[in-house]
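The values are calculated or read from the model by the stated rules, or taken from the named source; none is laboratory data. All values reported here derive from a predicted model rather than from experimental measurement. Side chains are part of the model used for accessible areas, which takes the heavy atoms of the whole protein and leaves out ligands, DNA and RNA. Shrake-Rupley method; radii C 1.70, N 1.55, O 1.52, S 1.80 Å.
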Amino acid sequence: MRPHAALLSTVFSAFILVSSNSVVWPKTFAASTTAAVNWYGAKTWRIGGVIRPTVPPPSGQLASTPIVINHPQYYQVMPTVQNGHYVYSYEVSAAPHTVVATFPIYVDPQSHSETIEVGIPSAVSVSMMAHVPNMHTTVTPATSGSNPSTSSAPDPTTFNAYFETGWNDPLSLSVGIVWTYMTFSWNGADVNSWTTWGSYQTPIPDEDYFYNISHGGYYGDGYTEATGWMDATEDAPLFANTKIYWEPNAINVGGSGWITGFVNTWTNGPDAWMLHGPWSILNNGTTN
């Protein structure tokens, strides 16, 4: 799979097995072509998808998260059924100098809807998830592009941005994290230049390993937006080769300075039921 302008309606896409009340059912987080998209949010971030505002479920049912979100908002992600799976759809975007995080905290075993927590994470959370102790990082080669045309818009502003997604184990420890980075200059109308690369962190010494590829390119009308993405697979030999897939983990940047993150991620293997996610941090020039 490769990003296309149409994929901007896709943000989180995941296939996992979730167990509740002895019932196991598949879930898929992906774009729906049949359900209406609703938009919500604040001045500096927004979320869109097959969602509606809701209240947090009872505290005893909440999933534990290492990301502390200040003044969170809660949204119920409504499922549709496609190819025998429950399909959920939403995306998040961030204005310049903004970071926004999402975390799935509850799945209703009756309606199969999911509750997600969304908002601006604490600086401590962002720093902690950006530098996980006892883990190592590998970086993919960078890809660059530039706008050959001249523009009458103001001088470009350069930002560093990234879209980070990960999965947790039953102890709420992050077991797989990937980043798609993008440094880009924008002038209010176009993306003048960009450089994108990807990286990942894997725990030591549990012998997990990654393999991946990264790409980038201009999308949209002319040079108004650019997208960088990375495909990655994490393999866990000590857990019967259970795998986490990211295909892709992507970030889109625009000439207005706003960015959007979207990911297609799922787990597969005997121990996939142990994994919870995906969570995300979308950072637009705040703490890079």
Heavy atoms only, 1.4 Å probe, whole protein assembly: order Y223, Y211, Y88, Y218 by accessible area, highest first. Y211, Y223, Y218, Y88
Counting only protein heavy atoms and leaving out ligands, DNA and RNA, the solvent-accessible surface of T143 at a 1.4 Å probe, in Å² to the nearest 10, equals 40 Å²
In sequence order, calculated HN-Hα J values of segment 137-144 (Karplus, 6.51, -1.76, 1.60; Hz; x Gly/Pro): 10, 10, 10, 7, x, 7, 10, 10
Evaluate the relative contact order of segment 162-243 (contact order divided by residue number), counting alpha-carbon pairs under 8 angstrom at least 6 apart; express in whole percent. 23 percent
Solvent-accessible surface (1.4 angstrom probe) belonging to E207, in square angstrom, nearest 10: 110 Å²
Amide H neighbours of D190 under 5 Å, counting only residues 5+ apart in sequence or on other chains, H built in-plane at 1.01 Å? none
Alpha-carbon centroid distance for the pair segment 173-203 / segment 228-248, whole angstrom: 18 Å
Debye log10 I(q)/I(0) at q = 0.14 Å⁻¹ for segment 173-288, Cα point scatterers: -0.61
